[in-house]
Amino acid sequence: VKLVSVVTSDGQRIAVTTGDGIFLAEQLCAAQDLDKATWPHSIDEYVYGCRQFASGIEAIRNSLGSAAPFAQDEGKVRIGRLFQPRNVICVGLNYRDHALECGRPIPKQPILFAKWTGSVVGPGEPVILPPDTEEVDYEAELAVIIGRECRGVTESEALNYVAGYTCMNDVSARDFQRADGQWVRAKSQDTFGPMGPCLVTPDEIPEPQALDIRCLLNGTVVQNSNTREMIFGVRELIAYISRGITLLPGDVICTGTPSGIGQAQKPQRFLRPGDEVSVDIECVGRLTNYVRGKATG
Ligand code: ZN
């Protein structure tokens, strides 16, 4: 299922989005007389207790159609932030064509870096250009949400630890990256972590290495690739990271971006106030955010 966090007058509610509309989990569960303890009341609860709620999610799936939709489509409601991640672990230069456009060698092992979780915002929230940078860039990425504690797993077991997938825009200040020699400040500015709009459970994506991934800037496709072009796939990344770092529920792995970043365009095209930037991933969804200029005064 595709889970979203819908903003209602009573706060955020976990809901399922389908071609037939948006269904509140609580309505589906009430229609089935489900015990309240067996289904998650927020996506945070689902992610942080993923296994515990497996049967609840199954019941929600089975009860689709037993209740009227809360809204006909996503345009009729406000979709809120998905959940608060524990860590955001990013992977640099993980698409062959992107490494080439950066003039860098193809990595022999994954290049990991951190994006602090304070940067995370939801769909429709602004990306605010911070002071002191003129080179804010977009990066469309498939994000993998961990739902079970995971240490030293093999590639063949790795996907058993995934709670779901979503879209991420790994917004990056290129001038900060160059100046600092490492990337935390460049990647962790406030609002530099748009994530969402939905969490797609793994049963809908049996093969994460076969998804079209695109970035659209003001409606124009600027990145256009497929997750099969990753140098290190999702299974390899989970196995590699978990060799010495315990992954826990709520950890998010951003799996890298394909070619077409603004820095590599000729002429270079960085984000400007008023831009609309979307990350669109097949079977996952489309995450759209707007760029706002730095606050004055
Ligand atoms: Zn990235």
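The values are calculated or read from the model by the stated rules, or taken from the named source; none is laboratory data. None of the values given here were measured: they were computed from a predicted structure. Virtual Cβ from ideal backbone geometry, glycine too; neighbours counted across all protein chains shown. Side chains are part of the model used for accessible areas, which takes the heavy atoms of the whole protein and leaves out ligands, DNA and RNA. Shrake-Rupley method; radii C 1.70, N 1.55, O 1.52, S 1.80 Å.
Semi-axis lengths, largest first, of the ellipsoid equivalent to segment 10-127 are 36, 17, 14 Å, with √(5λ) applied to each eigenvalue of the Cα gyration tensor. Positive end of the dipole of segment 205-297 (Cβ unit charges, origin at the Cα centre): among Ser259, Gly285, Gly233, the Cα lying farthest that way belongs to Ser259.
Take every Cα pair under 8 Å whose residues are at least 6 apart in sequence, average their separation, divide by the length of the chain, and the relative contact order is 23 percent.
Averaging over all projection directions, the Cα-based convex hull of segment 153-288 occupies 9.0 nm² in the image plane.
Listed by chain and number, the lysines whose alpha-carbon sits under 16 Å from that of Lys115, ignoring those within fewer than 8 places in the same chain, are Lys187.
Of Leu247, Leu64, the order by accessible heavy-atom surface (1.4 Å probe, DNA, RNA and ligands excluded), from most exposed downward, is Leu64, Leu247.
Think of each Lys and Arg Cβ as +1 and each Asp and Glu Cβ as -1; about the Cα centre, that makes the dipole of segment 1-80 roughly 120 debye.
Placing unit charges on the Cβ atoms of the charged side chains and taking the dipole of segment 1-86 about its Cα centre, the candidate lying farthest along the positive direction among Phe23, Ser5, Ile60 is Ser5. For the chain, modelled as a Gaussian network with Cα springs under 10 Å, which listed residue fluctuates most, Pro258, Pro105, Pro202? Looking only at Pro258, Pro105, Pro202, the largest GNM fluctuation is found for Pro105.
Between Arg61 and Thr154, the simple label model (points 7 Å from Cα in the Cβ direction) yields a spacing of 2.5 nm. The solvent-accessible area of Arg78, taken with every protein chain present and a 1.4 Å probe, is close to 150 Å². In this structure, the residue pairs whose Cα-Cα separation is over 24 Å, taken from Lys2/Lys36; Lys76/Lys294; Lys2/Lys108, are Lys76/Lys294; Lys2/Lys108.
Plainly put, segment 1-50 has a radius of gyration that is 0.94 times its Kirkwood radius, both from alpha-carbon atoms, as the Rg/Rh ratio.
Once the Cα atoms are used to define both axes, helix 54-63 deviates from the longest principal axis of the chain by about 70 degrees. Taking every protein chain into account, the accessible area of segment 1-84 amounts to 50 square angstrom per residue (probe 1.4 Å).
Solvent-accessible area of segment 168-286 (1.4 angstrom probe, protein heavy atoms only): carbon and sulfur portion equals 47 percent. A Cβ-based charge dipole, computed about the Cα centre of segment 41-104 with Lys and Arg at +1 and Asp and Glu at -1, lands at about 120 debye. Determine the percent antiparallel among the DSSP beta bridges restricted to the chain, to the nearest 5. Bridges in the chain are about 85 percent antiparallel.
Counting only protein heavy atoms and a 1.4 Å probe, segment 194-242 has 34 square angstrom of accessible area per residue. Over all pairs of different C-alpha atoms in the chain, the reciprocal of the mean inverse distance, the Kirkwood hydrodynamic radius, equals 19.4 Å. Surface composition of segment 1-70: carbon and sulfur atoms hold 47% of the protein heavy-atom accessible area at a 1.4 Å probe. Projecting the Cα positions of Ala143, Thr154, Gln84 onto the charge dipole of segment 83-209 (unit charges on Cβ atoms of Lys, Arg, Asp and Glu, taken about the Cα centre) puts Thr154 furthest along the positive direction.
How much of the accessible area of segment 88-166, in percent, comes from carbon and sulfur atoms when a 1.4 Å probe is used? Roughly 50 percent of what the probe reaches on segment 88-166 is carbon or sulfur. For the pair segment 190-252 and segment 146-166, the centres of their Cα atoms are 13 angstrom apart. Taking θ as phi - 60° and the Karplus parameters 6.51, -1.76 and 1.60, the scalar couplings of segment 139-153 work out to 8, 6, 9, 7, 9, 10, 9, 7, x, 9, 4, 8, 9, x, 8 Hz in sequence order, x denoting glycine and proline.
Put a plus charge on the Cβ of each Lys and Arg, a minus charge on the Cβ of each Asp and Glu, and nothing anywhere else: the dipole of segment 124-180 about its Cα centre is then about 340 debye. Hey, rough spin-label estimate for Arg86 and Arg286, points 7 angstrom out along Cα→Cβ, what's it come to in nanometres? Taking the two extended label points, one gets 3.4 nm.
For segment 124-183, the relative contact order comes to 43 percent (Cα pairs under 8 Å, sequence separation of at least 6).
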